[in-house]
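A quick write-up on the structure given underneath.
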Amino acid sequence: MGSTRVVFVPASGPRGSGEAFRCLNLARALHARRPDLDLHVLLDPRAGLAPDPCWTVHALEATPARAVAAVTEHLDALAPALAVFDGSGRTTHLRRVRRGGGRVVWVSNRKSRRRRGFSPRRLRWIDLHVLVGPGRSAAPPGVVERW
């Protein structure tokens, strides 16, 4: 039986707020605990992330939000058991993962991205929504988000 496949889809590009590095740290932690996991990342090469032995990089021609067709093709080909969307993720991609039998994690570090994750269109396809932020400066979740 093959190993469990995890795919990371961070918002990546020449600028950003650390989504790719956050995913790399998570991948390294997963790899340290479970070296049998098959870890992949869909990444814009302009993100400036050096290759890492813990995961396989699939280069995109643009950010995941703009390379919609390429992300779809990779998700179909990889058929992940778990997909982690950090700061990026089209509803069609979330739906693809879930319909393929995988689980979806949405990571948000800003109120606007958190709002996207909690939108009714996306929320139905998300299994876990992780709120991250720099300590107390992150806006606390509202009533609906806590529910």
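Coordinate-derived values only; no laboratory data. Keep in mind that what you see is a predicted model, and the values were worked out from it rather than measured. Positions of Cβ are backbone-derived with ideal geometry, glycine not excepted, and every protein chain shown enters the neighbour counts.
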Rel. contact order, % - alpha carbon contacts under 8 angstrom, at least six apart, the range 1-71: 36
For the range 1-52, what is the Kirkwood estimate of the hydrodynamic radius, computed as the reciprocal of the mean inverse distance between distinct Cα atoms, to one decimal in Å? 11.6
dims of the range 1-94, Cα set, principal axes, largest to smallest, nearest Å -> 34, 25, 17
Test of understanding: what is the full-extension gain from residue 50 to residue 124, defined as 0.36 nm times their sequence separation minus their Cα-Cα distance? 23.2 nm
Which order do the peptides 39-46, 27-34, 125-132 take when ranked by the mean count of other beta-carbon atoms within 10 Å per residue, highest first? 39-46, 125-132, 27-34
Under Stokes-Einstein, with the Kirkwood radius over Cα pairs standing in for Rh, what whole-number D in µm²/s applies to the range 43-136 at 20 °C and 1.002 mPa s? 153
